[in-house]
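Structure, as structure tokens:
The values are calculated or read from the model by the stated rules, or taken from the named source; none is laboratory data. Note that the coordinates shown come from a computational prediction; the quantities given were computed from them, not determined experimentally. Cβ atoms come from the backbone with ideal geometry, glycine included; neighbour counts cover every protein chain shown. Only protein heavy atoms, including side chains, enter the accessible area calculation; ligands, DNA and RNA are left aside. Shrake-Rupley method; radii C 1.70, N 1.55, O 1.52, S 1.80 Å.
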Amino acid sequence: NSALKFPSPVASHDSGRLRLTSPSKGSGSNIAFQQPAAQDVASHLFGDIAHSYIGLDDQSARITGKNDIGGGIDLRERFNIRLKIDGAEAVTVNCAGSDPANTRPSEIVTAINTAFRMNAAGHDGHHIILASPTTGPTSQITLQTPSRHDATEDIFGIRPRTFSGGSAENARLSSLPWPEAGHDFYAR
């Protein structure tokens, strides 16, 4: 901390580990290791490390279905899902396609996006992906249970639940456990 002269500490220790935390948050936050001219102790402190670590920007709530529905899905009997996005009113969406016995991922995506009047749904050819249009801890998607014909588990492979986004994060790195006897850096 003395060498870096940042207003807030970059290096700290906790439970026998040295921790480095960038003073900034988000994708502009980083920790980079440069090769010293001699006596490099980075691997002794941190183990096998990358040369740089980058923080994360605020994240949006996101759900990727577990069921592979790329070949079509039968939504004749169970066709409804109920979604709530970012605190808006929950909406029940009939996801059955033009041929309900062989509903395609693109038809499910169109049904969801039309019901919400936004691009909250997409697919990768096999799985339905939902993403909140907002980021950070207030970003939220809730899969609720519709009153009838629940297709949530058929389409997503999961039972109804809530998914939240996350705050921006600092780049950070923790060392290997610090031996009780300490390190002899003069031998390096």
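Flag set for ARG19, criterion: assigned to a strand (DSSP E or B), among the charged types (D, E, K, R), modelled with pLDDT of 80 or more and surrounded by fewer than 16 Cβ atoms within 10 Å (Cβ to Cβ). Taking each residue of segment 35-51 that is closer than 20 Å to PRO177 by Cβ and looking for partners that are aromatic (Phe, Trp, Tyr) with beta-carbon atoms closer than 6 Å, six or more apart or interchain, yields VAL41/PHE185; ALA42/PHE33. Residue count for segment 60-90 under the criterion of being part of a loop (DSSP other than H, G, I, E, B) and within 19 Å of THR145 (Cβ to Cβ): the result is 12.
Of all residues in segment 26-58, those satisfying the criterion of being touching a strand residue (DSSP E or B) at 6+ places or on another chain (Cβ under 8 Å), modelled with pLDDT of 80 or more and open to solvent by 80 Å² or more (accessible area, probe 1.4 Å) are ASN30, ILE54. When GLY70 is tested against (1) in contact with a Leu (Cβ under 9 Å, 6 or more places away or on another chain); (2) of a type outside the set (Asp, Glu); (3) open to solvent by less than 50 Å² (accessible area, probe 1.4 Å), exactly one condition is not met: (1). Residues satisfying the criterion are absent from segment 74-84 (criterion: open to solvent by 20 Å² or more (accessible area, probe 1.4 Å), β-branched (Val, Ile, Thr), under 18 Å from GLN140 (Cα atoms) and in contact with a helix residue (DSSP H, G or I) (Cβ under 9 Å, 6 or more places away or on another chain)). Of the residues screened, ARG62 is one that is within 30 Å of ILE129 (Cα to Cα), in contact with a Leu (Cβ under 8 Å, 6 or more places away or on another chain) and open to solvent by 70 Å² or more (accessible area, probe 1.4 Å). For PHE163, the criteria (1) farther than 30 Å from ALA50 by Cα; (2) open to solvent by 20 Å² or more (accessible area, probe 1.4 Å); (3) part of a loop (DSSP other than H, G, I, E, B); (4) modelled with pLDDT under 90 hold in every case but one, which is (3).
Residues in segment 46-59 that are over 18 Å from LEU130 (Cβ atoms) and not in a loop (DSSP other than H, G, I, E, B): PHE46, SER52, TYR53, ILE54, LEU56. Among the residues making up segment 85-100, those that are among the small types (Gly, Ala, Ser) and open to solvent by 40 Å² or more (accessible area, probe 1.4 Å) are GLY87, ALA88, SER98.
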